[in-house]
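Notes follow once the structure below has been shown.
Just so it is clear, none of the values below were taken in a lab; they were calculated from the coordinates. No experiment lies behind these values; they were computed from the predicted model shown. Please note: Cβ atoms are built from the backbone with ideal geometry, for glycine as well, and neighbour counts cover all protein chains shown.
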Amino acid sequence: MPQNEYIEKSIKQHGRRLDHDERKRKREARQVHKDSQFAQKIHGLKAKIHNKKRHSEKIQMKKTIKMHEEKNANQKTGDAVPEGAVPAYLLDREGQQRAKILSNMIKQKRKEKAGKWDVPLPKVRGIAEDETFRVIKTGKRKSKSWKRMVTKATFIGEGFTRKPPKYERFIRPMALRYKKANVTHPELKATFQLPIISVKKNPQSPMYTQLGVLTKGTIIEVNVSELGLVTTGGKVVWGKYAQITNNPENDGCINAVLLV
Amino acid sequence: MSQTLYNFKRIHPVPTSSDFVDIVLSRTQRKTPTVVHPGYSIGRIRQFYMRKVKYTQETFEEKLGLIISDFPQLDSVHPFYADLMNVLYDKDHYKLALGQINTAKNLITNVGKDYVRLLKFGDSLYRCKQLKKAAMGRMATIMKRQKDSLGYLEQVRMHLSRLPSIDTNTRTLLICGYPNVGKSSFMNKVTRADVEVQPYAFTTKSLFVGHMDYKYLRWQVLDTPGILDHELEERNTIEMQSITALAHLRAAVLFFIDLSEQCGYSIETQLSLFNSIKPLFGNRPTLLIMSKSDAKQLEDLPEETQNMIKEIENSGAAKLSRLSSYLDTGVMETRNMACELLLQYRVDTKLKGSKIKENLNKINLSMPKKRDSVQRPSFIPEAVIGKQRYDMNDPNRRILERDIEAMSGGAGEIDEDEERIIKLAKSIRTKKQILAQQSRLKNNVNRPKVTNKIRATKLTAQNFADKLANKDNLDTINNTASNLLSTSAKRKRSLSVANKGLGDELARMGTNSGAQFEQRAVSVSRSRVDAGLKNSSMLDTVMKKHAKVQRKSNLLAKRGESDRQILTKMPKHLFSGKRGNGSNDYR
């Protein structure tokens with residue numbers, strides 16, 4: 001026992017007070033009521049935090065209780081063949097398992113039918129031009145307004161050089177340029193941060209594609225050499241398409257799903 | 001008292017990662033404005049959310065920075081503490097945890113910066129809010145990943161704060177040896193540390209510190225856990241604490257051996273341990289202490305073992321000493337011996353060091369030579385030499401007044417030779433007066449003097465008014481005034497308000513009302529509080545209503561019409577028309 005643990009030392013030497021256990025039991029029994037009073041009294045942000053905590057605790061508690069119950073309950077195995085003859089009205093029961101498999105198969109078939117170029121996000125909200133472009137007034141009297149600033153996230157290739165400011169029609173601010181995307185592989189269920197190679201198609205308009213605007217639903221090409229994917233021929237794949245699944249201008253990052 | 005250089009008790013508690021996030025976010029909520037509306041100008045909305053993000057980032061930085069600066073850096077603490085912490089908490093783990101905290105701090109800084117930059121392009125309240133949410137979420141995620149490091153650091157902090165404060169520079173006695181040889185018993189004898197003593201090995205599992213006094217100096221005694229005789233790599237944490245103390249502290253080493261072998265280890269193994277850790281002692285003063293001398297003495301041992309012990313003494317590796325904590329013999333002797341050795345050692349090392357030269361220069365012992373052979377003894381007057389030292393019990397002593405008093409029969413009996421006593425009392429009194437005069441002069445050198453009489457009376461307006469109201473005084477004043485007025489040119493003037501009242505009063509008292517001094521009337525402003533009100537009860541109700549109306553706006557600390565205000569800071573008409581030499585071509 002180290003030198004400064006005088007409380008433990010005292011307990012070791014003299015023991016606890018005689019009613020220690022009873023006091024402890026009582027305190028624990030009282031705790032429930034105290035918690036409830038506290039929960040009833042608080043309000044505002046503290047209440048919000050507290051309620052959320054209690055909520056998750058309760059869920060966890062219920063889950064554990066359920067798990068214990070499952071452990072104790074007798075479970076029927078699907079494969080078990082009932083002995084003897086089975087009345088007609090019970091014949092369906094065994095068939096249930098099979099029926100589920102069938103429906104899965106149908107789903108699979110439908111999926112294949114739907115075509116190769118099905119993308120995870122088939123529809124997107126239209127974005128008006130004035131939402132994307134902010135008009136910048138120029139000229140001595142600020143009377144000209146042919147300049148635009150792109151207020152969405154953009155991708156700009158490495159070799160890009162800005163035009164001289166006098167002639168630059170579209171300004172794409174440095175703060176909104178992105179080079180990397182968080183790409184999820186749907187089968188591996190894993191996410192990787194991969195460099196963007198190019199913007200393949202922006203569903204909003206071809207001009208957006210040209211400018212490299214990244215909005216929800218845009219198809220981008222990402223560098224997957226990190227993942228070590230191999231084609232059937234045995235070559236290493238390094239460029240693959242992915243679709244953006246979030247609003248980059250709202251989240252400050254780009255999340256995408258790999259198209260496989 | 002010697003000061004401790006390191007105070008690990010001041011490290012602030014490290015919250016868990018979820019608590020950390022709660023603390024910071026609720027602080028942001030409390031310390032930043034909470035109301036924003038979509039109707040505000042976009043700049044204001046952006047600024048509102050930027051402030052939130054920035055504040056959260058700064059709070060995180062501050063809290064993480066506090067952790068980093070609080071925990072001691074292993075490179076900068078004394079090597080003893082560095083090694084001890086390495087043994088107890090694992091240096092790599094410790095550094096890694098602190099490094100991760102530092103990385104998290106930098107990451108949070110970057111996230112904050114990025115999102116503030118993004119917020120500058122937010123074009124609606126919704127977007128700004130989403131960005132703020134994303135920023136805080138990312139900061140919280142970074143903190144969540146630090147769960148293990150924070151937990152580890154909290155454990156370290158709790159243990160570190162409970163370490164005994166060992167001063168690495170002071171005079172120290174270091175007690176070491178095999179387990180169960182009587183180290184802690186000696187410690188308890190010498191200091192008041194109250195270390196646990198039990199009849200089994202490894203009762204002491206950590207370092208213990210006790211303090212004692214010797215030669216009016218404060219000494220530190222360090223009790224260490226027992227060490228077994230094996231390789232350094234095989235030693236466990238408990239033993240390693242002793243080894244670090246042995247390796248780094250400049251102390252007198254007291255190596256304990258148990259000759260009776262009650263500890264369960266033979267004398268040979270104990271001596272071999274001494275030989276194997278001897279390199280750690282360096283040339284520090286070392287004592288080989290034979291404890292439990294009540295059970296067995298050196299002389300009782302067989303010849304060979306005796307020789308082994310004596311060989312160690314003869315080789316100069318250690319001095320021998322014996323003690324019995326049970327019988328309390330040899331304990332103090334051993335302690336004194338160790339202290340003397342260490343003091344000598346410390347003086348020697350100081351003399352060898354380079355710093356001593358600076359101090360030696362300052363000390364000068366002058367030994368003057370004899371100028372000539374003339375004797376110059378010190379002068380003592382004859383009378384003084386002849387004078388005898390006063391002694392109460394000597395019958396031939398000087399007679400004092402109290403002796404006379406005692407001879408004439410105790411206190412108060414002074415009727416014998418009264419005149420002499422009175423003379424004596426007089427002379428004492430005059431002496432006393434002179435002394436009092438002197439001290440008074442000394443005290444009042446440059447102070448203006450005010451007589452006591454004036455100081456006692458209070459000069460207030462009330463006093464003055466009372467004096468004026470006094471009838472006799474008034475009469476005299478009025479008479480003089482009327483005399484003056486009668487001699488000067490007369491002009492009828494309206495009476496002043498003060499005189500009017502005064503005149504009435506004087507008339508009532510029956511004095512000459514005509515003899516008042518006359519002045520020009522002064523217009524007196526009337527209180528408008530009761531204007532238009534019939535009586536005082538009406539005034540009361542009005543005042544009550546007034547207070548009731550004001551109550552709410554006072555509670556809300558609202559601006560009222562009596563508050564100072566600047567409506568327009570720079571009124572256009574006052575500041576326009578004077579323009580600098582700008583770029584505009586029109587004026």
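The B:Asn110 and A:Asn246 beta-carbon pair, evaluated with R₀ = 25 Å, returns a calculated FRET efficiency of approximately 0.80.
For the stretch A:129-258, compute Rh as the Kirkwood radius over C-alpha pairs and then the Stokes-Einstein diffusion coefficient at 25 °C and 0.890 mPa s; write the answer in µm²/s, rounded to an integer. Could the numbers behind the result be given before it?
Details: Rh = 16.0 Å.
In µm²/s, the coefficient is 154.
Rounded to whole Å and sorted largest first, what semi-axes of the equivalent ellipsoid does the C-alpha gyration tensor of the stretch B:8-160 yield via the square root of 5 times each eigenvalue? Provide the component values of the computation, followed by the final result.
Working: eigenvalues 282, 34, 26 Å².
Here the semi-axes work out to 38, 13, 11 Å.
When you work out D = kT/(6 pi eta Rh) for the stretch B:103-142 at 20 °C and 1.002 mPa s, using the Kirkwood radius from C-alpha pairs as Rh and the Stokes-Einstein form, the result is 210 µm²/s.
The distance between label points at A:Ser145 and A:Val260 comes to 5.0 nm (points 7 Å beyond Cα on the Cα→Cβ vector).
Start at zero, step by 10 Å, and the Cα-Cα distances of the stretch B:182-336 spread as 10, 41, 39, 9, 0 percent across the bins. Shielding value for A:246-254 is 5, the average number of Cβ atoms from other chains within 10 Å of each residue's Cβ.
Please work out the Cα center distance from the stretch B:181-237 to the stretch A:202-235, rounded to the nearest Å. Their Cα centres are 70 Å away from one another.
Take every residue in peptide B:189-202, count the Cβ atoms of other chains within 10 Å of its Cβ, and give the average of those counts. Can you show the working numbers first?
Details: counts 0, 0, 0, 0, 1, 3, 2, 5, 0, 0, 0, 0, 0, 0.
Mean inter-chain Cβ contacts per residue within 10 Å come to 1.
Expressed as a fraction of 2.2 N^0.38 Å, the value expected for a compact globular protein of N residues, the C-alpha radius of gyration of the stretch A:6-61 is 1.71.
Could you estimate the translational diffusion coefficient of chain A from the Stokes-Einstein equation, with Rh from the Kirkwood formula over C-alpha pairs, at 20 °C and 1.002 mPa s, in whole µm²/s? Answer from the Stokes-Einstein relation: 81 µm²/s. Relative protection proxy for B:401-410, B:75-84, B:221-230, B:33-42, from highest mean packing down: B:221-230, B:75-84, B:401-410, B:33-42 (other beta-carbon atoms within 10 angstrom). By the equivalent-ellipsoid construction on the alpha carbon gyration tensor, the stretch B:130-181 comes out with semi-axes of 47, 14, 6 Å, ordered largest to smallest. Using the Karplus relation 6.51 cos²θ - 1.76 cosθ + 1.60 with θ = phi - 60°, the per-residue 3J(HN,Hα) values for the stretch A:154-163 come to 10, 10, 10, x, 5, x, 6, 10, 5, 6 Hz, with x marking Gly and Pro.
Working note: Karplus 6.51/-1.76/1.60 with θ = phi - 60° gives the stretch B:217-228 the couplings 10, 8, 10, 10, 10, 10, 9, 10, x, x, 10, 9 Hz, where Gly and Pro are set to x.
In order along the stretch B:345-358, the Karplus-derived 3J(HN,Hα) couplings, from 6.51 cos²θ - 1.76 cosθ + 1.60 at θ = phi - 60°, round to 5, 5, 5, 4, 5, 5, 5, 6, x, 7, 5, 5, 4, 4 Hz, and Gly and Pro are given as x.
Arranged from fewest to most other beta-carbon atoms within 10 Å of their beta carbon, B:His573, A:His50 become B:His573, A:His50. Less than 5 angstrom separates the built amide H of A:Lys180 from those of A:Ile196, all sequence-distant by 5 or more or on a different chain.
Would you please name the trypsin sites (Lys or Arg not before Pro) within the stretch A:190-260 that are DSSP coil residues with at most 13 other C-beta atoms within 10 Å of their C-beta?
Values: sites: A:Lys200, A:Lys201, A:Lys216, A:Lys235, A:Lys240; in loops: A:Lys216, A:Lys235.
Within the stretch A:190-260, the qualifying trypsin sites (Lys or Arg not before Pro) (loop, at most 13 other Cβ atoms within 10 Å) are A:Lys235.
For the stretch B:143-234, relative contact order (Cα pairs under 8 Å, six or more residues apart, normalised by length) works out to 29 percent.
If R0 is 30 Å, what FRET efficiency do you get for A:Ile59 and B:Arg27 from their C-beta distance, rounded to 0.05?
Numbers: r = 28 Å, r/R0 = 0.94.
The value I calculate is 0.60.
What size of dipole, in debye to the nearest 20, comes out for the stretch A:6-61 about its Cα centre when the only charges are +1 on Lys and Arg C-beta atoms and -1 on Asp and Glu C-beta atoms?
Numbers: 18 positive and 7 negative charges, 37 e Å.
Magnitude of the dipole: close to 180 debye.
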